[in-house]
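Worksheet: the structure to be examined is printed underneath.
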Amino acid sequence: MLVDQALEALALRPGGLYIDATFGRGGHSARILQALGPDGQLVAIDRDPAAIAAGRARFAHEARLQLLHGEFGELAALVRAHTTRAQCDGVLFDFGVASPQLDDAARGFSFSKDGPLDMRMDPTRGQPASVWLEHAGLDEIRTVIATLGEERFANRIAAAIVRERALAPLTRTGELAALVSRNVRTREPGKHPATRTFQALRMFINDELGQIERGLAGALEVLSPGGRLAAISFHSLEDRAVKGFMQRHSQVDPALKRLPVIPAAARPRLKLVGRKQRPQAAELELNPRARSALLRVAERLP
Ligand SMILES: C[S@@+](CC[C@H](N)C(=O)[O-])C[C@H]1O[C@@H](n2cnc3c(N)ncnc32)[C@H](O)[C@@H]1O
């Protein structure tokens, strides 16, 4: 299972301090806690208040766990504010949405179940997708769908949204899924025609790539030398961000690499650990949603 690969990558020490930046329903956290001794500590973060509430109930008697409602984009500040240790021994990210978010039509993530067109992972902040779609310009909508959804038919879809919202606001996931289906010309096998558009809007509404950049930078700040950074991505845009970040920080700053003495600030801060890893066939049979998951690991250098 990819979770085993990720845990192995973290090289857990029983007394260490670890960060699960994407708590979800606590599957990874439970496994980390199992491996920690009585002095170990786990800080787990999720921006979804429902995830935190479920976690507080599930782990009510777990004194080694601190569950924080917040964004991993503010990881360094959250960790500093809630721990007494200056640095941590490992950070795990498992990007994207959790199954309970997708399965609950009321959260507005699903093109297959009708619900309010919301898509916020944290419904206490920001604006629902329906509100953004009401005011955004044609170019803005097209760019989001084209870049974050890598959707070939972004032009047609954006034009249709602007046309239809002039008649009545788009407030339901079912309406948007039907509109996209009418405007996507070719079918990708096994994929709903609205998959790319929904992914794009979700990523935009939750600033997912910005969160990843800031979250990885925060992890680098709080990791102690020898500490591990493990990140699981679910699609190419997430993985590109992780790969780019790890590569950038595992090389000498190209602008300074010809200097006779490399200044400390320009030296690599990470060492790549192994190659990217995918789930094994047995896991994919049990959980087809894991088919595009990819794990990358790096170690903090002194
Ligand atoms: C794929 S799920 C994680 C599942 C988890 N590893 C488990 O074992 O249950 C991703 C979770 O990360 C949360 N999340 C996504 N982006 C976040 C962010 N920027 N800050 C904090 N939590 C985030 C989502 O709300 C979701 O619960």
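Key figures
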quantity: Pairs where the first residue, in region 265-282, is more than 17 Å from Ala230 (Cβ to Cβ) and the second is open to solvent by less than 100 Å² (accessible area, probe 1.4 Å) and at pLDDT 95 or above, C-beta under 8 Å, 6+ apart; calculated: Arg267/Leu301; Pro268/His249; Pro268/Ser250; Pro268/Leu301
quantity: Sole exception among (1) closer than 30 Å to Leu7 by Cα; (2) more than 14 Å from the chain's Cα centre (by Cα); (3) not in a helix (DSSP H, G or I) for His192, by number; calculated: (1)
quantity: Residue list for region 283-302, filter: in contact (Cβ under 8 Å) with a residue 60 or more places away in the chain and of a type in the set (Lys, Arg); calculated: Arg289, Arg296, Arg300
quantity: Matching entry among Val242, Val261 (being open to solvent by less than 10 Å² (accessible area, probe 1.4 Å) and out of contact with any Asp or Glu (no Cβ under 9 Å at 6 or more places or on another chain)); calculated: Val242
quantity: Among the residues listed as Phe59, Phe111, Phe23, the single one being aromatic (Phe, Trp, Tyr), crowded, with 18+ Cβ neighbours inside 10 Å and near the ligand (Cβ under 9 Å from one of its atoms); calculated: Phe23
quantity: Subset tally (residues that are open to solvent by 10 Å² or more (accessible area, probe 1.4 Å), closer than 23 Å to Ala106 by Cα and part of a loop (DSSP other than H, G, I, E, B)) for region 26-48; calculated: 1
quantity: Residue list for region 185-206, restricted to those being touching a residue at least 40 places away in the same chain (Cβ under 8 Å), under 30 Å from Val297 (Cβ atoms) and surrounded by fewer than 19 Cβ atoms within 10 Å (Cβ to Cβ); calculated: Thr195
quantity: Test: residue in region 207-222 that is out of contact with any Pro (no Cβ under 9 Å at 6 or more places or on another chain), open to solvent by 80 Å² or more (accessible area, probe 1.4 Å) and either part of a strand (DSSP E or B) or not acidic (Asp, Glu) (or both); calculated: yes
quantity: Near pairs, Cβ below 8 angstrom, 6+ apart or cross-chain, from region 121-138 (at positive phi) to any residue that is buried (at least 16 other Cβ atoms within 10 Å of the Cβ) and in a loop (DSSP other than H, G, I, E, B); calculated: Gly126/Arg120; Gly126/Asn206
quantity: Residue in region 177-184 that is open to solvent by 50 Å² or more (accessible area, probe 1.4 Å) and in contact (Cβ under 8 Å) with a residue 24 or more places away in the chain present; calculated: no
quantity: Sole exception among (1) surrounded by 15 or more Cβ atoms within 10 Å (Cβ to Cβ); (2) within 16 Å of the ligand (Cβ to nearest atom) for His82, by number; calculated: (1)
quantity: Contacts under 6 angstrom Cβ, first residue in region 217-237 being of a type in the set (Phe, Trp, Tyr), partner open to solvent by 40 Å² or more (accessible area, probe 1.4 Å), 6 or more apart; calculated: Phe234/Ser292
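The values are calculated or read from the model by the stated rules, or taken from the named source; none is laboratory data. Since the structure is predicted, the reported quantities are computational estimates derived from the model, not experimental observations. We place every Cβ from the backbone using ideal geometry, glycine too, and count neighbours over all the protein chains shown. The protein model used for the area step is the full one, side chains on, heavy atoms only, and it has no ligands, DNA or RNA in it. Shrake-Rupley method; radii C 1.70, N 1.55, O 1.52, S 1.80 Å.
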